[in-house]
Amino acid sequence: MGLVLLTDQLKKGKGLSIFGTCKVGESNKENFANLFDIRVKIHEFFKMKRLEIFTKVILAKTARKGLKILIQTAGLGGLEPNTVMLAWPENW
């Protein structure tokens, strides 16, 4: 949450923020169904905190591949990020 609040302060209430997360796992129906649930929960949390942030949840076989996909596909329409902030992994 600290990184999200820092990002919100840096943009001073203006600009576009996209929160992305990666679920590590195989491509199957169960994991894809979980992606939607995760996205809804994250969106509701930000709404409760009154933060205007778009959410993106992806599925990848490894965290490294997932972060790579998130960085390469971040953006909304013609808007692309000029800054990427990544949290330090909790367990290596």
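The values are calculated or read from the model by the stated rules, or taken from the named source; none is laboratory data. Computed from a predicted structure; not experimentally measured. Here Cβ is always computed from backbone atoms with ideal geometry, including for glycine, and neighbour counts include all displayed protein chains. Protein only, heavy atoms only, side chains kept; ligands, DNA and RNA dropped before computing areas. Shrake-Rupley method; radii C 1.70, N 1.55, O 1.52, S 1.80 Å.
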*Within the stretch 40-54, is there a residue that is without any contact (Cβ under 8 Å) to a residue 24 or more places away in the chain and in contact with a Ser or Thr (Cβ under 7 Å, 6 or more places away or on another chain)?*
yes
*What is the residue count in the stretch 21-53 for residues that are part of a loop (DSSP other than H, G, I, E, B) and either under 24 Å from Leu10 (Cβ atoms) or open to solvent by less than 70 Å² (accessible area, probe 1.4 Å) (or both)?*
7
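Looking at the structure I just gave you, is Glu90 open to solvent by 70 Å² or more (accessible area, probe 1.4 Å) and modelled with pLDDT of 90 or more? Give the derivation first.
Details: open to solvent by 70 Å² or more (accessible area, probe 1.4 Å): yes; modelled with pLDDT of 90 or more: no.
No: the conditions fail for Glu90.
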*asked:* Looking only at residues that are modelled with pLDDT of 85 or more and part of a loop (DSSP other than H, G, I, E, B) in the stretch 54-87, which one is nearest to Lys11 (Cα to Cα)?
replied: Thr62
*Could you grab me the full set of residues in the stretch 21-39 that are touching a residue at least 24 places away in the same chain (Cβ under 8 Å) and among the charged types (D, E, K, R)?*
Lys23, Glu26
